[in-house]
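Here's the structure, in structure tokens; my notes come after.
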Amino acid sequence: MSAQVVTFEVRHIVVRIGSLALATFDAHRQRRFYQREAGGQLFARVRADEWEIVAATGPRSRDRRGRFSFRPHRASEQEEIFQHHELGLDYVGDWHTHPEDVPRPSFDDLSSIAKVVRRSTHHLPGFLLLIVGRDSFPGGLWASFHSIDGLRSDARAVPDLSESRGIPKSARR
């Protein structure tokens with residue numbers, strides 16, 4: 001894996017993805033032609049405008065996975081939300097893989113996360129969508145924020161911000 005922490009900013013929120021979540025993403029990249037899309041949920045410690053993603057779940061045995069598609073098993077996802085909430089973590093969005101070097105969301109990806117934001121009961125201003133491609137992080141990672149008012153904001157890297165918040169330069173990309 002190429003990074004221990006990835007930091008980006010989306011809207012007014014600084015998001016840090018920790019090494020355990022990055023390891024989950026890296027383990028499921030579609031590096032071979034026969035590998036199917038994988039995905040799951042993102043759980044974070046939320047402190048106002050700073051979200052630290054500490055866990056990425058999935059894929060689950062009951063998910064539907066194809067070379068160019070991923071459909072999560074929603075009942076299993078709800079159980080994961082309850083379990084992580086008991087640990088003091090908030091559900092903050094979804095992730096999945098794409099079989100391309102630098103991933104871009106499809107229309108279905110964008111409409112799916114928008115639907116999740118609208119239909120969920122939550123206290124957050126919206127949710128994240130992360131798509132993992134074949135390239136190393138951060139280039140092989142798409143990130144966007146989908147707000148409750150229906151707007152999308154694409155992420156931008158903030159490497160200097162990581163250093164100012166106590167993350168050593170050697171531990172970020």
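The values are calculated or read from the model by the stated rules, or taken from the named source; none is laboratory data. Only a predicted model underlies this, so the values are computations on that prediction, with no experimental measurement involved. Note: ideal-geometry Cβ built from the backbone for every residue, glycine included; neighbour counts use all protein chains shown. Please note that ligands, DNA and RNA were not included when accessible areas were found on the heavy atoms of the full protein model with its side chains. Shrake-Rupley method; radii C 1.70, N 1.55, O 1.52, S 1.80 Å.
Going residue by residue through the stretch 1-21, is there one that turns out to be more than 12 Å from the chain's Cα centre (by Cα), in a loop (DSSP other than H, G, I, E, B), buried (at least 20 other Cβ atoms within 10 Å of the Cβ) and not polar (S, T, N, Q)? For the stretch 1-21, residues more than 12 Å from the chain's Cα centre (by Cα), in a loop (DSSP other than H, G, I, E, B), buried (at least 20 other Cβ atoms within 10 Å of the Cβ) and not polar (S, T, N, Q): absent. Only a single item in (1) touching a strand residue (DSSP E or B) at 6+ places or on another chain (Cβ under 7 Å); (2) in contact (Cβ under 8 Å) with a residue 40 or more places away in the chain is not met by G18, and it is number (2). Can you find a residue that is part of a strand (DSSP E or B) and of a type outside the set (S, T, Y) anywhere in the stretch 73-89? Among the residues of the stretch 73-89, not one is part of a strand (DSSP E or B) and of a type outside the set (S, T, Y), which makes the answer no. Taking the criterion of being over 15 Å from L129 (Cα atoms), touching a residue at least 24 places away in the same chain (Cβ under 8 Å) and not acidic (D, E), the residues of the stretch 21-32 that qualify are T24, H28, R29, Q30, R31. Could you grab me the full set of residues in the stretch 127-138 that are modelled with pLDDT of 90 or more and either more than 30 Å from Q35 (Cβ to Cβ) or open to solvent by less than 10 Å² (accessible area, probe 1.4 Å) (or both)? Within the stretch 127-138, F127, L128, L129, L130, I131, V132, G133 qualify.
In this structure, does P103 turn out to be without any contact (Cβ under 8 Å) to a residue 40 or more places away in the chain and touching a Phe, Trp or Tyr at 6+ places or on another chain (Cβ under 8 Å)? Considered against the rule, which asks whether it is without any contact (Cβ under 8 Å) to a residue 40 or more places away in the chain and touching a Phe, Trp or Tyr at 6+ places or on another chain (Cβ under 8 Å), P103 comes out as yes.
The residue of the stretch 34-59 that is surrounded by the fewest Cβ atoms within 10 Å (Cβ to Cβ), among those that are in a loop (DSSP other than H, G, I, E, B) and in contact (Cβ under 8 Å) with a residue 40 or more places away in the chain, is Q35. Within the stretch 60-97, the only residue that satisfies the criterion of being of a type outside the set (K, R), open to solvent by 80 Å² or more (accessible area, probe 1.4 Å) and touching an Asp or Glu at 6+ places or on another chain (Cβ under 9 Å) is F68.
One line per residue, one yes/no per condition, for (1) among the acidic types (D, E); (2) modelled with pLDDT of 90 or more:
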residue: V10; (1), (2): no, no
residue: I13; (1), (2): no, yes
residue: I17; (1), (2): no, yes
residue: D26; (1), (2): yes, yes
residue: Y34; (1), (2): no, no
residue: E37; (1), (2): yes, no
residue: E80; (1), (2): yes, yes
residue: Q83; (1), (2): no, yes
residue: G93; (1), (2): no, yes
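Among the residues making up the stretch 100-126, those that are among the charged types (D, E, K, R) and surrounded by fewer than 19 Cβ atoms within 10 Å (Cβ to Cβ) are E100, D101, R104, D108, K115, R118, R119.
Residue by residue, here is whether (1) out of contact with any Pro (no Cβ under 6 Å at 6 or more places or on another chain); (2) over 24 Å from L20 (Cβ atoms); (3) of a type outside the set (K, R); (4) part of a loop (DSSP other than H, G, I, E, B) holds:
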| position | (1), (2), (3), (4) |
| --- | --- |
| D109 | yes, no, yes, no |
| H122 | yes, no, yes, yes |
| F127 | yes, no, yes, no |
| P138 | yes, no, yes, yes |
| G150 | yes, yes, yes, yes |
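Residue-level analysis places L89 among those that are modelled with pLDDT of 95 or more and more than 17 Å from V6 (Cβ to Cβ).
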